[in-house]
Amino acid sequence: MEFKLSLLRVFVAVAETGNIQDAADRVGRSPSAVSMTLKQLEGLVGGALFESDRKNRLSELGMYLLEIARG
């Protein structure tokens, strides 16, 4: 499975900041673009990356992907 680096950058920004607005500011995109990017990434990995809509707590899959993304 191939990912665009930009998808992982957005995911890491959300995981580190704990919310979409701060992540959007960090990566220079709109909050809606960040949200759509997360949905796209979740579709690629086949599951939820966060446990809630607030994006402040990673799921097990999210923790695994964050570990891989940080390499």
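Go through region 27-37 and count every residue that is of a type in the set (S, T, N, Q) and surrounded by fewer than 16 Cβ atoms within 10 Å (Cβ to Cβ).
Start the filter on region 27-37 by keeping residues that are of a type in the set (S, T, N, Q), which leaves 30, 32, 35, 37.
Applying the additional criterion that residues be surrounded by fewer than 16 Cβ atoms within 10 Å (Cβ to Cβ) yields 30, 32.
Of the residues in region 27-37, 2 are of a type in the set (S, T, N, Q) and surrounded by fewer than 16 Cβ atoms within 10 Å (Cβ to Cβ).
Each residue in region 25-58 was checked for being more than 11 Å from the chain's Cα centre (by Cα) and not basic (Lys, Arg), and 15 pass. Figure legend. Inter-residue proximity from region 27-41: first residues of a type in the set (A, V, I, L, M), second residues open to solvent by less than 50 Å² (accessible area, probe 1.4 Å) and not in a helix (DSSP H, G or I), beta-carbon distance below 7 Å, spacing 6+ or different chains. Indicated pairs: Leu38/Leu49; Leu41/Leu49. Of all residues in region 13-25, those that are of a type in the set (S, T, N, Q) have Cβ atoms under 6 Å from Cβ atoms of residues that are open to solvent by 10 Å² or more (accessible area, probe 1.4 Å), 6 or more apart or on another chain, in Asn19/Lys55; Gln21/Pro31.
From the residues in region 38-71 that are assigned to a helix (DSSP H, G or I), among the small types (Gly, Ala, Ser) and at pLDDT 95 or above, which one is most open to solvent (accessible area, probe 1.4 Å)?
Gly43
Just one of the listed residues (Ala13, Ala24) is touching a Pro at 6+ places or on another chain (Cβ under 8 Å) and either open to solvent by 90 Å² or more (accessible area, probe 1.4 Å) or not hydroxyl-bearing (Ser, Thr, Tyr) (or both), and it is Ala24.
The values are calculated or read from the model by the stated rules, or taken from the named source; none is laboratory data. Everything quoted here is computed from the prediction, not taken from an experiment. All Cβ positions, even for glycine, are placed from backbone atoms using ideal geometry, and neighbour counts span all protein chains on display. For the accessible areas, the whole protein counts, side chains as well, though only heavy atoms, and no ligand, DNA or RNA atoms are used. Shrake-Rupley method; radii C 1.70, N 1.55, O 1.52, S 1.80 Å.
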